[in-house]
Amino acid sequence: MQRLVILGLASLLVACGGKEEPKVSAANELKPAVVAPPDKAALAEEAKTAIKMYGGSLKTELQTAMQTGGPLNALAVCQTKAPEIAKTVSESQQLQISRVSLRNRNPVMGVPSEWQAQVLNDFEARKVKGEALESLVYSELVENNGKQEFRFMKAIPTEAMCLTCHGSDISPAIMTRLTELYPQDKAIGFKEGDLRGAFVVVKNLP
Ligand code: HEC
């Protein structure tokens, strides 16, 4: 019986002590793991990719709907598809993407937060100074409630095809439908080349 126990112990020793454990140096033990600072340029690229996906899908949906069913049909598509596509892209890209405007149509999702409104005002000022709307972006890493948050915005210019539903000469049929759906609509009266709003990307960092 005693021999068995000794044998058992010996094999345990062999199993556990046979190989030399890698030495952990005292310096390494004391140093906390170094967390690499967030790569702002890489995050901006991620944001741009998500915006291309969202903006691209929206435009395709809009154009197809206009061609197949006319502007009234397209309006319904904008209303239902825009939030759906935003949700799909946000989930697949692991961030939050949306569209905001100082003159919003959607009374909930189109409303900019305080920092977003500031960026939109800044975009307007940069446009006045001669910067091209197409290339206006904002990018910032901020501390929010003890957590790092990456914020990105990209200006959305008003194009000719947008005027059907955002311009000053909107057909009575479209106008009636817009008033029904969005009684507080502020997204009319735009001209080609105006700042229509911006894409917003927010990513919470670990
Ligand atoms: C067929 C009508 C129609 C056309 C054309 C159209 N939009 Fe819209 N747009 C809408 C509707 C409806 C909404 C509200 C969607 C919602 O409820 O989320 C909207 C919302 C938006 C928003 C979100 C912010 C807000 O005001 O609530 C932006 C930005 C926007 N449109 C930009 C554009 C741009 C840029 C174009 C041209 C490339 C365009 N739209 C063309 C109907 C249209």
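Per-structure values
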quantity	calculated
In the range 170-191, residue surrounded by the fewest Cβ atoms within 10 Å (Cβ to Cβ) [restricted to those that are in a loop (DSSP other than H, G, I, E, B) and over 29 Å from the mean Cα position of the chain (by Cα)]	SER171
Counted residues, the range 130-167 - those being within 12 Å of the ligand (Cβ to nearest atom) and of a type in the set (Phe, Trp, Tyr)	0
Matching residues in the range 105-133 - criterion: being assigned to a loop (DSSP other than H, G, I, E, B) and surrounded by 17 or more Cβ atoms within 10 Å (Cβ to Cβ)	ARG105, ASN106, GLY110, PRO112
Positions within the range 83-96 being surrounded by 16 or more Cβ atoms within 10 Å (Cβ to Cβ) and within 12 Å of the ligand (Cβ to nearest atom), in sequence order	ILE85, ALA86
Which numbered condition VAL142 misses (of (1) surrounded by fewer than 17 Cβ atoms within 10 Å (Cβ to Cβ); (2) touching a Phe, Trp or Tyr at 6+ places or on another chain (Cβ under 6 Å))	(2)
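Every number here is computed from the coordinates shown, using simple stated rules; none is lab data. This one's a predicted model, so the numbers in the text were calculated from it and none came from an experiment. We place every Cβ from the backbone using ideal geometry, glycine too, and count neighbours over all the protein chains shown.
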